[in-house]
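Computed from the coordinates by the stated procedures, all read-outs in this text should not be read as laboratory data. These numbers were taken from a predicted model, which means no experiment stands behind them. For neighbour counting, all protein chains shown are included, and Cβ atoms are generated from backbone atoms with ideal geometry for every residue, glycine included.
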Amino acid sequence: MSMISAVRDFLLTYPPMADSLIHVDVLGGTPTEYAVIPVPGDRKKNQYLDGGSDREYPFLIQSVESTADELERIENSGFYEALADWLEEQTEAGNLPNLGAGKTAESIEAVSWGFVYEQGASATGIYQITCKLAYVQ
């Protein structure tokens, strides 16, 4: 199982995203669509004598959202705050992505606040939050 697939499948367990289309590496243009996008970062954090290692998988969660009025923009920001809280709760509960044989997830978390990444001339904007999945391999 690929890391991006495991993260996407895990995000589909978040109730507000459960019936959503979550793209990989690309974001559609219609509100509300989501994407999971891997980003550069260190893979290995620690290497052990037995050959195992602590690793991280950094990624973005992006969405195209309606930004026509103040209430929508507040709701969009609130969605990302709630998503960050949910990721933290899942880590604390030990409910983590299934990474397949040879890999064990240890935590998944937001490492930034959600924010408007791009605001165009239309009544839509792209929001994003930076996250990471820590695991042992």
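For region 78-125, residues that are touching a residue at least 24 places away in the same chain (Cβ under 8 Å), among the small types (G, A, S), over 17 Å from V136 (Cβ atoms) and touching a strand residue (DSSP E or B) at 6+ places or on another chain (Cβ under 8 Å) total 5. Filtering region 29-42 for residues that are among the hydrophobic types (A, V, I, L, M, F, W, C) and in contact with a Ser or Thr (Cβ under 6 Å, 6 or more places away or on another chain) leaves an empty set. Residues of region 33-43 include at least one that is of a type in the set (D, E, K, R), surrounded by 17 or more Cβ atoms within 10 Å (Cβ to Cβ) and touching a residue at least 24 places away in the same chain (Cβ under 8 Å). Would you mind finding the one in A6, A82, A35 that is in a strand (DSSP E or B) and under 15 Å from the mean Cα position of the chain (by Cα)? Testing whether each residue is in a strand (DSSP E or B) and under 15 Å from the mean Cα position of the chain (by Cα) leaves just A35.
Would you check which residues across region 49-83 are among the basic types (K, R) and exposed (fewer than 13 other Cβ atoms within 10 Å of the Cβ) and list them?
None; the set is empty.
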